[in-house]
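Working notes, beginning with the structure itself.
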Amino acid sequence: MPNTPARTRFKRSFGQANHFLVTLIVGLEAVRSGRAAPPPHFPATWEPRDAVRSAERSESFAIQGAVVFLITALDRYLAEAARAATPSSPSLSAALDAAARANKGLRGVALAFADFSGADRTPELALVEVALQWRNRLVHSGSNARINGDLQDRLHQHAADLQNNYRHLDPGQMIARFASREESPSLKEVTGMITAAHRFVSSVDSAVLPLLDYGSLLDAVIRQHLDEVPRVEGLKRANRIWGRGEPRARRAIVTLARQNGFAEPRDGIAHGLTDASIDRLACMSRVKSPGVVYESRDSSLSG
């Protein structure tokens with residue numbers, strides 16, 4: 001199993017963020033140069049008084065949105081990783097509890113996972129922390145978000161890594177930009193933060209994977225598949241899995257599991273699906289009534 005389902009969802013929602021952001025900025029160059037025009041029957045009025053200024057402000061808006069979206073996706077990933085890992089890791093559970101008691105927010109959660117995964121002194125964690133501070137400034141009116149002395153020191157310590165691995169990112173310029181109360185990070189800075197977040201999540205995921213209870217995790221994946229849509233559609237999804245016999249149910253479960261990061265079963269492969277876990281789920285009975293979405297013979301997934 002190369003990824004936890006949590007990381008698979010993180011990549012699905014944010015995996016191409018840099019590409020999408022750069023595509024928007026490239027399009028804004030056409031606005032800036034005066035070459036852009038809305039297509040026929042465009043469902044909105046677009047008549048900028050100053051195309052250059054409009055492009056500049058739109059670029060800042062896009063970058064701000066990317067920062068907020070990034071931290072939202074990271075928050076969701078870490079929450080899902082915590083639910084999956086803490087039952088098997090008393091030390092991680094204690095660290096997260098301590099962060100919650102100290103009211104350290106998402107930064108405290110990220111630091112706990114960084115320590116747990118060995119990513120605590122990496123440039124990736126430092127850039128994630130910068131992204132958190134930018135997000136707090138953008139979202140909270142009157143925020144006192146800042147890049148404190150400790151974080152500044154760590155950014156400077158990682159200057160060579162940032163230069164070599166993050167498109168010549170300059171920590172001094174990044175710190176100065178934040179201190180100057182600019183509206184948003186630069187494009188280079190935000191794409192660096194996004195790349196760092198993906199690398200940070202990869203490090204955390206590698207530490208979480210050995211702790212997973214894959215049978216319970218697959219149960220949770222199926223529950224989410226049925227519960228993330230309105231009840232009538234959930235019933236239809238259940239019937240598509242279990243309504244046409246066990247061989248078809250088995251194939252549907254394997255497909256759903258693979259879409260959520262599981263490896264295919266190979267004689268009880270470690271860190272992934274097992275034939276036994278799939279067989280248990282494939283033997284579930286079909287939908288009986290609107291009041292019962294699905295029902296397992298061993299009652300472990302009774303709806």
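The values are calculated or read from the model by the stated rules, or taken from the named source; none is laboratory data. Given the structure is predicted, the values throughout are model-derived calculations rather than measurements. Because the Cβ atoms are built from the backbone with ideal geometry, glycine has one as well, and the counts that use them run over all protein chains shown.
With respect to (1) under 18 Å from R135 (Cβ atoms); (2) of a type in the set (D, E); (3) assigned to a loop (DSSP other than H, G, I, E, B), the lone exception for E47 is condition (1). Selection of the range 161-204 for residues being modelled with pLDDT under 95 and of a type in the set (D, E) yields E182, E183.
Residues that are more than 21 Å from the chain's Cα centre (by Cα) and in contact (Cβ under 8 Å) with a residue 24 or more places away in the chain occur in the range 251-263; there is at least one. Being within 21 Å of H156 (Cβ to Cβ), touching a residue at least 60 places away in the same chain (Cβ under 8 Å) and not assigned by TED's automatic domain parsing to the domain that holds L273: is that true of A197 here? So A197 fits the description; yes. The sole residue among S216, S184 that is among the hydroxyl-bearing types (S, T, Y), more than 30 Å from S58 (Cα to Cα) and either in a loop (DSSP other than H, G, I, E, B) or free of Cβ contacts under 8 Å to residues at least 12 places away in the same chain (or both) is S216. Of the listed requirements (1) under 30 Å from S93 (Cα atoms); (2) in the same structural domain as V139 (by TED's automatic domain parsing); (3) touching a Phe, Trp or Tyr at 6+ places or on another chain (Cβ under 8 Å), F178 misses just one: (1).
Consider the range 16-54 and keep the residues that are within 30 Å of N260 (Cβ to Cβ) and without any contact (Cβ under 8 Å) to a residue 60 or more places away in the chain. The one that is surrounded by the most Cβ atoms within 10 Å (Cβ to Cβ) is L24.
Whenever a residue of the range 135-146 is closer than 17 Å to E182 by Cβ, its partners that are modelled with pLDDT of 90 or more and of a type in the set (S, T, N, Q), lying with C-beta atoms within less than 7 angstrom and at least six residues away or across chains, give the pairs L138/Q64; S143/N136; A145/Q133; A145/N136; R146/Q133.
Listed here are the residues, each with its yes/no results for (1) at pLDDT below 90; (2) touching a strand residue (DSSP E or B) at 6+ places or on another chain (Cβ under 6 Å); (3) of a type in the set (S, T, Y); (4) on the phi > 0 side of the Ramachandran plot.
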residue	(1), (2), (3), (4)
L212	yes, no, no, no
Q224	yes, no, no, no
V232	no, no, no, no
N239	no, no, no, no
G245	yes, no, no, yes
A252	no, no, no, no
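Go through the range 101-131 residue by residue and tally those that are surrounded by fewer than 21 Cβ atoms within 10 Å (Cβ to Cβ), in contact (Cβ under 8 Å) with a residue 24 or more places away in the chain and under 21 Å from Q163 (Cα atoms). Residues that pass the stated criteria total 2. Residue count for the range 144-178 satisfying the condition of being touching a Lys or Arg at 6+ places or on another chain (Cβ under 8 Å) and among the aliphatic types (A, V, I, L, M): 2. Residues in the range 217-235 that are more than 30 Å from T86 (Cα to Cα) and surrounded by 13 or more Cβ atoms within 10 Å (Cβ to Cβ): L235 only.
Scanning the range 146-192 for residues that are touching a Pro at 6+ places or on another chain (Cβ under 6 Å), of a type outside the set (G, A, S) and surrounded by fewer than 18 Cβ atoms within 10 Å (Cβ to Cβ) yields H156, D161.
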